[in-house]
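Some notes on the structure that comes next.
The values are calculated or read from the model by the stated rules, or taken from the named source; none is laboratory data. Note that this is a predicted model, so its numbers are computed, not measured. Cβ coordinates were reconstructed from backbone atoms using ideal geometry, including for glycine residues, and neighbour counts include every protein chain displayed.
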Amino acid sequence: MNEQQKEPYLDPVVDRVREVRRALAEACEFDVRKMADLFRQMEAQHPERVATPKRTARVEEFARHALEQTHDGGRDQGRMP
């Protein structure tokens, strides 16, 4: 390596997160739907670990505006176009 190139910084926490993410993906056969189901099960088993963001007035305004822009006013949120 020359002087301008530096060794990449290795962070053990980032490495561990990547390791766990890879293991979860493999366990779910790299299927996003299976991963979502697994995460929902984990959330149900440990609700105290789930972070819920505060809804601020700005978030409420954004959500209201987004719903107004939909063709049905947000009434049919569950159906895919």
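A few remarks follow.
- Candidate set: the range 37-52, residues that are modelled with pLDDT of 90 or more and of a type in the set (A, V, I, L, M, F, W, C); chosen: the one farthest from ALA25 (Cα to Cα): ALA44
- The range 23-35, residues that are loosely packed, with under 11 Cβ neighbours inside 10 Å and either outside any loop (DSSP other than H, G, I, E, B) or touching a helix residue (DSSP H, G or I) at 6+ places or on another chain (Cβ under 9 Å) (or both): ALA23, GLU26, VAL32, ARG33
- Count of the range 42-64 residues which are part of a helix (DSSP H, G or I) and loosely packed, with under 10 Cβ neighbours inside 10 Å: 7
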